[in-house]
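Right, one structure below, let's go through it.
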Amino acid sequence: MKEKLKDITARALLAIDKADNNKDLAAVKVEILGKSGELTGILRNMKDLSPEDRPLAGKLVNEARVEIERAFDAKFKYLHDLELAKKLEEEKIDITIEGSDKKLGGLHPLTQMQNDVIDFFTSLGFAVLDSPEIETDYYNFEALNVPANHPARDMQDTFYVTDSILLRTQTSAGQIRYMENKKPPLKMINIGRVFRSDDVDATHSPVFHQIEGLVVDKHITMCDLKGILAKFAQRFFGEKTQIRFRPSYFPFTEPSVEVDASCPYCGGKGCRVCKGTGWIEILGAGIVNRNVLATCDINPDEFTGFAFGIGLDRITTICHGINDMRLEFENDIRFLKQFN
């Protein structure tokens, strides 16, 4: 038995040494130490030995098994280290090579501001609506108390498709559509693009965005309007922001006001941005004209309301300190990536 164990051990060590991958090494292990392996077979046959010979035989078999397993473990570690070194060599990254700059995109600053505005007004119970960009003369002008011969039409250079079809000059047209299909109490905002034949410069564009707001209910006053707009200014320009009303004129509101906010850059002390006045104009507003309510079949003796129009592009430039509105439309990646 001793000679047989030496022979098995020698053949096992030679086979282990020749194995050059884990698959071959596993095959050798099964052949020697598996359930049907040579060494396992000797262990099974030990029951046939006399009780006096078993201890010595068991010792010899165990020594052979330990030597063979030690050789297996050493060769397995060697093959593992070899395979790992090969992978590291093949998959290594040369950090001296300039890598590709893969950056995630982000929302446009106007979209970000629009989402913030929607979040603010919906938290106050306003519904969010949409209306057509291509409008009829009726909804864009007549229903808003601007008849064909009204001088206010000269205040807006309009893109006409036909004599009665045009690109909307204001999102106020959405108010009429809303009031025609829903009766008070009403609270809505309408956000979208509007179009006017304007020269392109740092503060003007033929395409820009408006936020139209409307509230109609019983006993609505200018105090309600000022409360909403004060909260709006504080939300977007800072908690210490103050607002003021200046008399103005819009055909669809009476009385009408221009709304100024204290300059968020200097706190109202006067700076280059606010031209030393301490105030920045942010929107127009007023109490809904009785004629507009009557046109939509809402009794102006029972209901009152207020409306406001905010330039989304202007609010965005103020909040982000953008000094040229054209940057919001030119899609310069150097500009846009600042908002990602």
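Readers should treat all values here as calculations from the given coordinates under stated rules, not as data from a laboratory. Small disclaimer: the values here were computed from a predicted structure and weren't measured. No Cβ is skipped: glycine too gets one built from the backbone with ideal geometry, and neighbour counts run over all protein chains shown.
Details
- Cα-based reach from Lys337 at 27 Å (exclusive), listing lysines while leaving out same-chain residues under 8 positions away: Lys102, Lys103
- Simple rule: put +1 on each Lys or Arg Cβ and -1 on each Asp or Glu Cβ in the range 109-339, find the dipole, and look at Phe141, Phe329, Pro264; the Cα lying farthest toward the positive end is Pro264.
- Taken along its principal axes, the alpha carbon cloud of the range 109-339 reaches lengths of 48, 40, 30 Å, longest axis first.
- Structure-based [θ]222 nm, the chain - -39500 (n - 2.57) summed over DSSP H runs of at least 4, per residue, nearest 500: -13000 deg cm²/dmol
- Antiparallel bridge percentage (DSSP; both residues within the chain; nearest 5): 95
- Sites Gln112 and Glu89 - FRET efficiency at Förster radius 51 Å, r taken between beta-carbons, to 0.05: 0.60
- For the pair Leu14 and Ala202, the difference between a 0.36 nm per residue extended length and the Cα-Cα distance amounts to 59.2 nm.
- Lone cysteines, the chain (no partner Cβ under 4.7 Å): Cys223, Cys296, Cys319
- Signed unit charges on C-beta, dipole axis of the range 2-91, positive-most listed residue Leu88, Ala57, Leu39: Ala57
- Both the radius of gyration and Dmax for the range 139-253 are 16.0, 48 Å, in that order, over alpha-carbon atoms.
- Over the range 1-72: Kirkwood hydrodynamic radius from C-alpha pairwise inverse distances, Å: 12.6
- What you get for the chain, charging only the Cβ of Lys and Arg (+1) and of Asp and Glu (-1), is a dipole of about 1420 debye around the Cα centre.
- When peptides 174-180, 88-94 are sorted by average Cβ neighbour count within 10 Å, with the highest value leading, the order is 174-180, 88-94.
- Leu82 versus Thr96: modelled label distance in nm, points set 7 Å from Cα along the beta carbon direction: 3.1
- The range 284-317 versus the range 187-260: alpha-carbon centroid distance in Å: 10
- Charge dipole (debye, nearest 20) of the range 2-91; +1 at Cβ of Lys and Arg, -1 at Cβ of Asp and Glu: 400
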